[in-house]
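One structure is given below, encoded as structure tokens.
The values are calculated or read from the model by the stated rules, or taken from the named source; none is laboratory data. What you see is a predicted model; the values in this text were computed from it and never measured. In this analysis, Cβ positions are derived from the backbone assuming ideal geometry, glycine residues included, and neighbour counts consider all displayed protein chains. Note: areas computed on protein heavy atoms with side chains; ligands, DNA, RNA excluded. Shrake-Rupley method; radii C 1.70, N 1.55, O 1.52, S 1.80 Å.
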Amino acid sequence: QVQLVESGGGLVQAGGSLRLSCIASGSIPGSDFSINTMGWFRQTPGKQRELVTSISSGGSANYADSVKGRFTISRDNAKSTIDLQMNSLQPDDTAVYYCYAGVSWDRFSYTSWGQGTQVTVSS
């Protein structure tokens, strides 16, 4: 199993910044595994989980329109970590942010999820 642990959430005023981090660790018995696309979803009560950003193992990133120009995702493959720098935060960014990672080995694959970290932006 590959586990994801997030950190960096918190409370910030509108216009402020936060940085989220996610580290992947673990093993698949008897196999070498690869961590493919990683990224962040967010969810608010009563709404579906929304894809915020993703980054491939090669460093190609995609962003939701709502965060383009404000959020930046980065990745360190050697450390199996991703970071999300969030600037110019707005109250609409308030949500629980979940890190995810696509894991594959042999002919198998699955998506691993973090436990979530709360981001609250006050107006």
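Among residues of segment 5-19 that are more than 11 Å from T94 (Cβ to Cβ), those with a beta-carbon under 7 Å from a residue that is open to solvent by 60 Å² or more (accessible area, probe 1.4 Å) at least six positions away or on a different chain give the pairs V5/I23; E6/Q115; G8/R19. The residue that is nearest to G15 (Cα to Cα), counting only those in segment 78-93 that are open to solvent by 40 Å² or more (accessible area, probe 1.4 Å) and in contact (Cβ under 8 Å) with a residue 40 or more places away in the chain, is S88. When Y98, Y110 are screened for being without any contact (Cβ under 8 Å) to a residue 60 or more places away in the chain and touching a strand residue (DSSP E or B) at 6+ places or on another chain (Cβ under 9 Å), only Y110 passes. Here is the figure for segment 34-59: residues that are open to solvent by 70 Å² or more (accessible area, probe 1.4 Å) and not charged (D, E, K, R) total 5.
Quick check: is even one residue across segment 8-22 open to solvent by 50 Å² or more (accessible area, probe 1.4 Å), closer than 24 Å to S109 by Cα and within 16 Å of the chain's Cα centre (by Cα)? No, segment 8-22 contains no residue that is open to solvent by 50 Å² or more (accessible area, probe 1.4 Å), closer than 24 Å to S109 by Cα and within 16 Å of the chain's Cα centre (by Cα). Does any residue of segment 65-76 turn out to be loosely packed, with under 14 Cβ neighbours inside 10 Å and touching a residue at least 40 places away in the same chain (Cβ under 8 Å)? Checked against the condition, which is being loosely packed, with under 14 Cβ neighbours inside 10 Å and touching a residue at least 40 places away in the same chain (Cβ under 8 Å), segment 65-76 yields no hits at all.
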